[in-house]
1. What pairs can you find where one residue is in region B:82-97 and within 15 Å of B:Ser134 (Cα to Cα), the other is at pLDDT 90 or above and open to solvent by less than 40 Å² (accessible area, probe 1.4 Å), and their Cβ atoms are less than 6 Å apart, with a gap of 6+ or different chains?
2. Only one of (1) at the interface with chain B (Cβ under 9 Å from one of its Cβ atoms); (2) open to solvent by 10 Å² or more (accessible area, probe 1.4 Å); (3) among the hydroxyl-bearing types (Ser, Thr, Tyr); (4) in contact (Cβ under 8 Å) with a residue 60 or more places away in the chain fails for A:Ser38. Which number is that?
3. (1) free of Cβ contacts under 8 Å to residues at least 24 places away in the same chain; (2) surrounded by 16 or more Cβ atoms within 10 Å (Cβ to Cβ); (3) closer than 30 Å to B:Glu60 by Cα: which one isn't true of B:Ser134, the others all being true?
4. If I filter region B:144-182 down to residues being touching a Gly at 6+ places or on another chain (Cβ under 6 Å) and open to solvent by 20 Å² or more (accessible area, probe 1.4 Å), which single residue comes out as nearest to the other protein chains (Cβ to nearest Cβ)?
5. Testing A:Glu124 on (1) open to solvent by 40 Å² or more (accessible area, probe 1.4 Å); (2) under 22 Å from A:Asp17 (Cβ atoms), one condition comes back false. Which one is that?
6. Could you please let me know if A:Ala45 is hydrophobic (A, V, I, L, M, F, W, C), surrounded by 18 or more Cβ atoms within 10 Å (Cβ to Cβ) and either out of contact with any strand residue (DSSP E or B) (no Cβ under 7 Å at 6 or more places or on another chain) or within 14 Å of chain B (Cβ to nearest Cβ) (or both)?
7. Quickly run through region B:127-166 and pick out the residues that are modelled with pLDDT under 90 and of a type in the set (Lys, Arg).
8. Quick one: which of B:Ser105, B:Ser92 is more than 26 Å from A:Glu50 (Cβ to Cβ) and either modelled with pLDDT of 85 or more or within 14 Å of chain A (Cβ to nearest Cβ) (or both)?
Amino acid sequence: MAATSYHREVRVPVRSDLDVLKARQDGREMARELAFISADSTLVATAISELARNIIQYAGQGEIIITAAEEGARRGIIIVAHDDGPGIPNISEAMQDGYSTSGGLGLGLPGVRRLMDEFEIFSEVNAGTTVRVKKWLR
Amino acid sequence: MEPESKNRQLEIGAARNVQAEAAGNASISPGPRPYKRSVKDELAEQYGAALEEYLQQPGEKALQNAYEIGRQAISGGLCVTEMLAMHHDALSRVLISFGAQGEESEDLMTQRGALEGRSLPVGSPQDFQHLVKSVEVFLDECLMPFEITYRGYVEANEALRVSEERYRELFENANDVIFTTDLLGNFISINRAGERMIGYVREEARRMNIGEVCAPECQEMAYRMLDRRVMGGESGPCELELLTRDGRRIPVEISCQLVCREEKPIGIQAIARDITERKRARESLRHLTQALEQEAKRIAHALHDEAGQLLASVHIALESVARELPAAQGQRVRAIQGLLDEIENQLRRLSHELRPTILDDLGLVPAIEFLTQGISARTGLPIEVEAGGVGRLPTHIEEVLYRVIQEALTNASKHAKATSINVNLRQEAREFICQVRDDGTGFDLRAALADNNERGFGLINMKERLNFVGGTCVITSSPNHGTEVLITVPLES
């Protein structure tokens, strides 16, 4: 894999709905700067919404880091959602549709996976969870 | 938001909905009644407010609102078209206000009331273009949860397709016949093995009922099995004969399961296995057992009658010799006579064990009593025999019962370390029941059946012999709780 070079980075602490708003705004701005089409900027904002919602719901607080990145010829946006919460005991279960209580099929983490080009999740019980997603410029 | 304008908006929404409800439920109490706001109305109002807010002050907050409304719409079970209708309503109000800046008819004035006091982007075509674009962004945001859900369904469908394909392959390539029917036994699906066996292709089978492919005398059994399943009953596989298109009969073992959807029974799923070979094997085993029994009878007869007769003659001859000899030599001949007596006794016992003539002559109960007396004498184990209302049974049933009870008694006396055994024989209207109970150590039935030893074979032999006469044998045993063997044989009325 080509080395990833990072450019700009924004960190948003997530504690309340207001912080979610801020994270979405920063994500959308970064996407716009990278010349994402409007629909893809919306995808980025959506992913941030779902990731931030997860942080507030399960860990109470955390952080979202939005980075503009370059990997070979590709340019894109990397979103990292991190918390020091209770962690996810069973990741594959959490990644299954219908597991979350959100109602619609595939909202929550599985939805984020489908919206983004790349998705990684690391979690340790009683230590926290980190989700790292990438969306490349089309 | 001003409370006044909110109230007016509410009234508009309420009026529209009462109309819609009245149209849909004309028969139910027309006229005004207390109106209950639905999730949809609630969201429509929120959406309208959020859209206006966004157009006045484009920002992330209103977009986030739009997203949350979309999310709630999904949780509330709304569909995309309802979402779009909501958008359309909100947009109409915005556009009325936009267009009404120039010329205002009375009607528009009234409708515009809802938006009174707002300053929306108005006027020029550039403004209009900007408005359209903003509205698009806003709608996109609101539809995003639907997009996620849609992608979820696409993925789930694909996974479903793959798993269905795998299931279908399993279904089609199975050697056993697999089929499903509705609750009345009408075929819904059947696999290739099934088509091959009954000789009907699935399109034909789908117009047929299970009864049509059962041998006439098996139809009742098939329906009984079906009904039992539908009523939620459990039972093991059953054997019946299928009738093929060209009139052949094929014995099968069928096991079936109730198929439920949302906890309601909707059909039956069944697996049928051709047991022609198994039946043939069982039949030859039966012949073999019968031949063995005949052979034992012949040898027992030869031992008892022929050898016994000969020994008796020798006895008489020796007796006369002994009488003619002097006392001292006569004593030695008498000693030989004593040995002859012992031989005769042993021959009689051997003959009896091979084939108790008492069974043929007096029937099951005396034969069992004689047998238990022998075992008690040999082992010192008290064996109680209780028999109520048992008369003579058909010879082949008496034979089977005798051998099976003999095996059960052998097990109890040899392996169980019992201190007493109880045998209970009962003849009822339609069946013969026998219980053999001991207070011994008990044993692990599964392990015993798996053992390739005398006891394992003995147990299998019991089941097989009973099978010939349609009987069953239930063995209840656990370590330290003794063993009960319950033998049941149906009697023809």
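The values are calculated or read from the model by the stated rules, or taken from the named source; none is laboratory data. Note that the structure is a prediction, hence the values are computed from the model and not measured. Counting neighbours? That spans all protein chains shown, and the Cβs are built from the backbone with ideal geometry, glycine included. Side chains are part of the model used for accessible areas, which takes the heavy atoms of the whole protein and leaves out ligands, DNA and RNA. Shrake-Rupley method; radii C 1.70, N 1.55, O 1.52, S 1.80 Å.
1. Partner pairs satisfying both residue conditions: B:His87/B:Leu139; B:Ala90/B:Tyr47; B:Ala90/B:Gly48; B:Ala90/B:Leu51.
2. (4)
3. Result: B:Ser134 fails condition (1) only.
4. Once the filter is applied, the top-ranked residue is B:Thr180.
5. Of everything listed in (1) open to solvent by 40 Å² or more (accessible area, probe 1.4 Å); (2) under 22 Å from A:Asp17 (Cβ atoms), A:Glu124 misses just condition (2).
6. On the way: hydrophobic (A, V, I, L, M, F, W, C): yes; surrounded by 18 or more Cβ atoms within 10 Å (Cβ to Cβ): yes; either out of contact with any strand residue (DSSP E or B) (no Cβ under 7 Å at 6 or more places or on another chain) or within 14 Å of chain B (Cβ to nearest Cβ) (or both): yes.
Yes.
7. If the condition is that a residue be modelled with pLDDT under 90 and of a type in the set (Lys, Arg), then B:Lys133, B:Arg151 are the ones that fit.
8. Details: B:Ser105 fails: either modelled with pLDDT of 85 or more or within 14 Å of chain A (Cβ to nearest Cβ) (or both).
Result: B:Ser92 is the single residue among B:Ser105, B:Ser92 that is more than 26 Å from A:Glu50 (Cβ to Cβ) and either modelled with pLDDT of 85 or more or within 14 Å of chain A (Cβ to nearest Cβ) (or both).
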